[in-house]
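None of the figures in this text is laboratory data; all of them are computed from the coordinates on show. Just so we're clear, the structure is a prediction, and the values are computed from it rather than from any experiment. Because the Cβ atoms are built from the backbone with ideal geometry, glycine has one as well, and the counts that use them run over all protein chains shown.
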Amino acid sequence: MNTKIAVIAVATLVGGLTASLQAFAHHSFAAEFDGDKKLDLHGVVTKVDWTNPHTYFYLEVQGKKGLETWALEMGSPNGLMRRGWTKDTLAVGTEVIVAGRQARDGTLKGNAQSVILADTCKRLFAGSSQVDFVEDESAKVEGCTKK
Amino acid sequence: MFVRLLMLVACLGLSAPLMAQTGHPAKGSWSGDLTPASGAPAHIRLLINAHNGDLKGTVNPGKGEVAMKGVTLDPATWGLVVKAPMKEGELVLTGTLSNLGSWTNRKYIGTYVQGSQKGKFEFTLN
């Protein structure tokens, strides 16, 4: 009987620890990003990770000191789908204009609020978790001219 | 029965992180520079896909991308050869994959020929 209880306890512990791995990735906006650090990036997508709880994409941007690779956080895959995203929206090589907020620690990491596809000037909201950010569909798309 | 079920759940949970280790070693998006013997480096991107052991890909994916003419990998040496008909002349990359255990720092390093130009290249898996 004691063995049975021990096995159940170990299995529950292992299952619980494993399940908690994903929860580590979930955090509030304010814990990681600075609402006052505006970010405007224009670059080319190099990778997209459709993961929960946040989707990430990576952008090569020509910075003042050379090429920079930014990691940009968006909402969950489900949240993005509800905003009109598909798995093909951001293919590797897509040129985009991103508005968002930078990480507090000043690294090349940001929270994307809107993503504009440079070829079509189509704007998609990125499911930002910033509390006071409003997804205003009627707002003018700025920073893009159709090619 | 209940104990076995619990063990199964635990094993399935443990296997989730392991799934991240699957995939073809050349597959993915690579970024790097072609550095000629003299002159400025040129930054390019490679996108390689694997399907049933066949490798295909594009150079500079997106607008103006060029489909690779050939991608061959020798698993004995991890030697990878990429050929693509660029407008500046056929690009031939001959190099080796290294640091295969890493998702963040996997390298493809070697030498290239493009038309009359020769040089070295280094790509990192994005």
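Some observations on this one:
- Under the Karplus curve 6.51 cos²θ - 1.76 cosθ + 1.60, θ = phi - 60°, whole-Hz ³J(HN,Hα) for region B:37-54, x wherever Gly or Pro sits: 4, 9, x, 7, x, 10, 8, 9, 10, 10, 10, 10, 10, 10, 9, 6, x, 8
- Comparing region B:22-125 with the 2.2 N^0.38 Å rule of thumb, its C-alpha radius of gyration ratio is 1.00 (two decimals).
- The distance from the alpha carbon centre of region B:83-120 to that of region A:53-129 is 28 Å, rounded to a whole number.
- In sequence order, calculated HN-Hα J values of region A:96-108 (Karplus, 6.51, -1.76, 1.60; Hz; x Gly/Pro): 9, 10, 10, 10, x, 10, 8, 5, 4, 7, x, 6, 7
- Spherically averaged projected area of the convex hull of Cα atoms, region A:29-125: 6.0 nm².
- Amide H to amide H, with H built 1.01 Å from N, residue B:106 comes under 5 Å of B:125, counting only residues 5 or more places away or on other chains.
- A simple spin-label model places the labels of residue B:24 and residue B:124 2.4 nm from each other, with each point 7 Å out along Cα-to-Cβ.
- Cβ crowding within 10 Å, taken as a proxy for footprinting-reagent exposure, orders B:109, B:48, A:5 from fewest neighbours to most as A:5, B:109, B:48.
- In a simple Cβ point-charge model (Lys, Arg +1; Asp, Glu -1; nothing else charged), region B:22-125 has a dipole of about 100 debye relative to its Cα centre.
- Fewest neighbouring Cβ atoms within 10 Å first, the residues A:117, A:90 line up as A:117, A:90.
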